[in-house]
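J.: Sharing a structure here in structure tokens format.
Nothing in this text is a laboratory measurement; each read-out follows from the coordinates by a stated rule. This structure is a prediction, so every number in the text was calculated from the model and none was measured. Cβ sites come from the backbone with ideal geometry, for glycine too, and all protein chains shown count toward neighbours.
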Amino acid sequence: MEKVYDVTALGELLIDFTENGVSGQGNPLFEANPGGAPCNVLAMLNNLGKKTNFIGKVGEDQFGRTLKATLDELKIGTENLLLDKVVHTTLAFVHTFEDGDRDFSFYRKPGADMMLETSEVQEEQIAKSRIFHFGTLSLTDEPARGATKYAIELAAKHNVMVTFDPNLRPPLWDSMEDAKEQIWFGLSKCSAVKMSEEELTFITGETDLDQGVKAVRERYDIPLICITMGKEGSRAYYKDLIVAQAGFVQEHTIETTGAGDTFCASMLNYILDHGLEALTEENLKEMLTFANAAASIITTRKGALRVMPKKEEILELLK
């Protein structure tokens, strides 16, 4: 089948309420930012000139309609985005700390993104893609867990590369053992993964990154593993190569929402342009440098989906 999309992602599309000052009465003000890791990744890929598509579900409510309109405006494919008449759009409240790190409170018991059914996943949307990308928020609960696993089967059937970002959010799991099991499931299915150092430690118990990656590779031979380390930068593990690249520290960092997604999109973009067959040390350095720069830019902005950096801005920073 002809490849119409560079990347199709499945998962959560939600509203991130991020703190934005205080009212005259001293109450915190929250801004409703469109969000959700898979679509943040797609929005960034669109900025890099790629064609993308989303599979998921939002509520048939004010927020859900806003989210669909946002994807349409950003030119992310919405043919397989469904609106649930019963369950509301998932909401996340993001509390930001002094250093820009954050804490999440979710309104999702249940949320519409969890309600995606296997029968609602359109096979041709995946078949027409070069990469299928997913995370673990769609693996926390049924029926979305079954729908995600079905989509991965379709990707295998149509020879579509699978990529994964665990994007662990502990408040959304009934048990951390289940979370661990589902991350290992994701790792068993992918050709490339982007993980934070905390996620790597969580699943392997190793605080040394090289040992952690070795533990993952002993179970699953994943061609490309990228580990992000916040302002310390990132590392790429590819075949026998290990390449580390320092981060770009921004003086105007306000929050880290979307930094991992920006990095992940840059990684996928590089794979689309160069393949996964014969990357060199130079390639990996180039990929990490660009991804680190892109991620640093998003930390200076509120929200993510609508404000992903443009290619020109990233190249300007790299000068």
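J.: If the only charges are +1 at each Lys and Arg Cβ and -1 at each Asp and Glu Cβ, what is the size of the charge dipole of the chain around the Cα centre, to the nearest 20 debye?
T.: Approximately 680 debye in magnitude.
J.: Among DSSP bridges having both ends in segment 152-258, what percentage is antiparallel? Round to the nearest 5.
T.: Rounded to the nearest five, the antiparallel share is 60 percent.
J.: Run down the aspartates and glutamates and flag those whose C-alpha is under 15 Å from the C-alpha of Lys3, throwing out any fewer than 8 positions away in its chain.
T.: Candidates past the 8-residue exclusion: Glu123, Glu124, Asp273.
J.: Rounded to the nearest 500 deg cm²/dmol, what is the calculated helix-only ellipticity per residue at 222 nm for the chain, with -39500 (n - 2.57) per DSSP H run of length n ≥ 4?
T.: Roughly -11500 deg cm²/dmol at 222 nm, from the helical runs in the chain.
J.: Same structure again: At q = 0.11, 0.18 Å⁻¹, what log₁₀ I(q)/I(0) does segment 5-149 have when each alpha carbon counts as one equal point scatterer in the Debye sum?
T.: -0.41, -1.02
J.: Right, something else. Highest first, please rank the peptides 52-63, 159-170 by the mean number of other Cβ atoms sitting within 10 Å of their residues.
T.: By packing density, highest mean first, the sequence is 52-63, 159-170.
J.: I need two numbers for the chain: Rg to one decimal and Dmax as a whole number, Cα atoms only, in Å.
T.: 18.3, 59
J.: Taking the Cα atoms of segment 82-151, what is the range of coordinates along each of the three principal axes, in descending order and whole Å?
T.: Taking the Cα atoms of segment 82-151, the three principal extents are 45, 32, 18 Å.
J.: Which Rg and Dmax, in Å, describe the Cα atoms of segment 218-280?
T.: In Å, with Rg to one decimal and Dmax whole: 13.3, 41.
J.: Of all DSSP beta bridges located in the chain, what percent are antiparallel, nearest 5?
T.: Approximately 45 percent, going by the DSSP bridge assignments.
J.: Another question, if that's okay. Dipole of segment 201-309, Cα-centred, from +1 at each Lys and Arg C-beta and -1 at each Asp and Glu C-beta, to the nearest 20 debye?
T.: That gives segment 201-309 a dipole magnitude of about 380 debye.
J.: Step through the table entries Lys51/Lys285; Lys75/Lys239; Lys180/Lys214; Lys50/Lys109; Lys85/Lys149; Lys194/Lys214, compare each Cα-Cα distance with 27 Å, and write down the pairs that go over it.
T.: Values: Lys51/Lys285 25 Å; Lys75/Lys239 35 Å; Lys180/Lys214 17 Å; Lys50/Lys109 34 Å; Lys85/Lys149 24 Å; Lys194/Lys214 15 Å.
Distance filter (> 27 Å) returns Lys75/Lys239; Lys50/Lys109.
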